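Report on the structure given below.
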Amino acid sequence: MAETKLTREGFEALKAEARALLEKQQLKVLVCAGTGCVASGSMKVYDYLKEACAKRGLNVMVALREEDHGEGGVHLKKSGCHGFCEIGPLVSIEPLDILYTHVHVEDCDEIIEKTLLGGEVIERLLYQRDGQVYQRRDDIPFYKLQQRIVLKNSGKSDAEDILEYIALGGYSAFEKALFEMTDKEICQTISDSGLRGRGGGGFPAGRKWESVRRNVSDVKYVVCNGDEGDPGAFMDQGVMEGNPHSVLEGMLIAGVATGATEGYIYVRAEYPLAVKRLRIAIAKAEELGLLGDDIMGSGFNFHMHINRGAGAFVCGEGSALTSSIEGKRGMPRVKPPRTVDQGLWGKPTVLNNVETYANVPQIVLNGADWYRSIGTEKSPGTKTFALTGNVVNTGLVEVPMGTTLRQVIFDIGGGIKDGKKFKAVQIGGPSGGCLTEEHLDLPMDFDSLKKVGAIIGSGGLVVMDEDTCMVEVARFFMNFTQNESCGKCVPCREGTKRMLEILERIIHNEGSLEDLDLLESLAETITEASLCGLGQTACKPVLSTLKYFRNEYLAHVVDKYCPHCNGKKHGLIIDPDKCRGCTKCARNCPVEAISGQVGKPHVIDQSVCVQCRACIGNCPFGAIREE
């Protein structure tokens, strides 16, 4: 890597140049390049717009520094995730303040002719709800109640252009921390802000940083946990894809605060786009001299690395994660010593998740009091949630801590699909618990949820309607946890296996009343005796469903009949006359319930199927239906 030549004065000049270039941009077209929209074809839209605009003589610019040849230019950008995955692919046009939804290649010529050249709004491409048409993104109910800090620029800027991030204030917090604050002042600011770890534990970030700062060591590390593995969770993915520099900047500030000089971002390999964007971000930061040696002439060195995880859920646990980075099998260890004392390669290590680091630049720039003005007293700030399941509007949302489930599910999420009744929501993934209608007005913060036996976790919200069998929900999450157990400790390895066997018996109407007592007894033992958080929280879905939906367990073990399963075990079948054996349903089944040979009709294993209906949406021949 070339020697860093950027000085603080040079960075100030770079900021001024970037802001001037951004202000000069007249017409901006932002195509959502988050995973959800990419999967729906947004990059085909991007490529077609680029080619079609050029054919019409429009000057198309795709980078902030690209030369603008005068009037009639279009600045085409790949933005981060807008969050409203349900209505993608999304195309935003500024400064006209237009958000087009469900945009496909066939719509592009009309967008160019009517909107880009004529300034006309195409109403059929706007979002519509309850007879009302919305042109502006921020007027849509899905966005109106949100307060975006971590996702502030995602969807509104080029996710791959470092100059645009700088133009919007990026790396200014790092500059402030580097030149205007002491290491102790940075740690104190983070402590005063009340920022708590957004990975699920809610541990005060400032206290963790201060512990590492005080540790005397020749080497210290900053590690980012991007191993988001909860079913239905994609919060960290959205941040890494849409605003990767905010994560890098937060880690750099942590490095200044603690004296660390090496950073590692641990990302699951199933997030190829996040890995790509992070690599681009790191390369551009190194090129500008914001990463490397003697950054901005300060004498501070910091180098960033990316490690791709193999998809083990247990590697979300701190000691298992650092073990995996070291090239060992990802397994947790007994504590103490803690990661802050002996983390990566036995050295003091700051370990926070993606969302935690992404909050840091805004806290340093705006101050601890500003951050504390958002959210609740003991849980300041905002929280991102992945809203999925039987809800009208699925997607990525960011709301102040303390926002209720009712506001998220009904006001932002639009309520339950097909006019059905709300039944429960699984919060916190396999480590969380089910909450019911009585909890809809409960504030979502660390302490309120803990009181009712649930946790925020990383932020997954899986909504379930009246037709859901809650015993099956418990079985699904226990199956996931049992498969993901590293096997190091007996309570988790063997206990979860026994619990899964019992749940399998119950779901097939072969269980007994004694099985319910055994489930509770095993859950208590596993929770108390497991080595790490995976085992300690593995039983929450079972215990919460037993508490709030015991009647459904009784229906299975006493009546031998579940009104939701209806004795069919499940209700999806594949019509052999329509199935062409393309395997698309099997490849997209999250629980591997579908099998068959290529070119021949496939079948669904009713004992495994969880009725997520992903197969119905993926079948191109309409061969899958409810029995």
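Read the figures in this text as sums done on the coordinates, not as results from a lab. Because the structure is a prediction, the values reported are computed rather than measured. Heads up, the Cβs are rebuilt from the backbone with ideal geometry, glycines too, and the neighbour counts pull from every protein chain shown.
Points to keep in mind about this one:
- Ellipsoid fit via the Cα gyration tensor, the range 234-274: semi-axes of 22, 11, 7 Å, each the root of five times an eigenvalue, largest first.
- For q = 0.09 Å⁻¹, Debye-computed log10 I/I(0) when each Cα of the range 479-627 counts as one equal scatterer: -0.36
- Summarising the label geometry, the points placed 7 Å from Cα in the beta-carbon direction at residue 66 and residue 97 lie 2.7 nm from one another.
- More than 25 angstrom apart: percent of Cα pairs within the range 305-435: 48
- The tail of the calculated P(r) for the range 148-207, taken as Cα-Cα distances beyond 15 Å, holds 64 percent of the pairs.
- Within straight-line cross-link reach of residue 540, aspartates and glutamates at Cα separation under 15 Å, skipping those fewer than 8 residues along the same chain: 230, 472, 520, 524, 528
- With a simple spin-label model that places each label point 7 Å from the Cα along the Cα-to-Cβ direction, the separation between residue 124 and residue 528 comes to 6.6 nm.
- Percent of Cα pairs exceeding the 17 Å cut-off, where the set is the range 572-626: 19
- Estimated FRET transfer efficiency (residue 182, residue 104; beta-carbon r; R0 41 Å; 0.05): 0.15
- Orientation-averaged projected area, Cα convex hull of the range 111-233 (nm²): 12.7
- Euclidean distance between Cα centres, the range 405-474 to the range 1-51, Å: 37
- Taking a straight line from the alpha carbon of residue 55, these lysines sit under 19 Å away, with near neighbours fewer than eight places off in the same chain left out: 28, 44, 77, 114.
- Percent of C-alpha pairs per 10 Å bin, the range 24-139, short to long: 14, 50, 31, 5, 0
- Taking N as its residue count, the alpha carbon Rg of the range 470-559 over 2.2 N^0.38 Å: 0.99
- Listed peptides 535-541, 294-300 by packing density, highest first (mean Cβ within 10 Å): 535-541, 294-300
- Listed peptides 229-237, 399-407 appear in the order 229-237, 399-407 once ranked by packing, highest mean of other Cβ atoms within 10 Å at the front.
- The Cα atoms of the range 12-79 cover 39, 29, 14 Å along the three principal axes, with the biggest extent listed first.
- When each full DSSP H helix of the chain is screened for a Cα extent of at least 18 Å along its own axis and an average Kyte-Doolittle hydropathy of at least 1.0, the helices passing are 244-258.
- What the Cβ-Cβ distance of residue 420 and residue 54 gives, at R0 = 60 Å and to the nearest 0.05, is a FRET efficiency of 0.80.
- Estimated Rh, the range 170-372: Kirkwood, alpha-carbon pairs, angstrom: 16.6
- The range 451-536: GluC sites (Glu not before Pro) in DSSP coil with no more than 15 other Cβ atoms inside 10 Å: 466, 510
- Inter-centroid distance (Cα atoms) of the range 568-627 relative to the range 515-532, Å: 35
- Sorted from longest to shortest, the spans of the Cα atoms of the range 382-465 along the three principal axes equal 33, 22, 22 Å.
- Computed helical MRE - 222 nm, the chain, DSSP H runs ≥ 4 contributing -39500 (n - 2.57), nearest 500: -11000 deg cm²/dmol
- Distribution of pairwise C-alpha distances over the chain, 20 Å bins, in %: 19, 51, 28, 3
- Evaluated over the range 170-372, the count of Lys pairs having alpha-carbon atoms less than 30 Å apart is 28 (only pairs 8 or more residues apart or interchain).
- Gain on full stretching of the segment that runs from residue 411 to residue 373 - 0.36 nm per residue minus C-alpha separation: 11.4 nm
- Added length on full extension, which subtracts the Cα-Cα distance from 0.36 nm per residue, residue 9 to residue 483: 165.3 nm
- Over the C-alpha atoms of the range 243-358, the Rg to Rh ratio, Rh being the Kirkwood estimate, stands at 0.97.
- Ordering of 268-279, 325-336 by burial proxy (mean other Cβ atoms within 10 Å per residue, highest first): 268-279, 325-336
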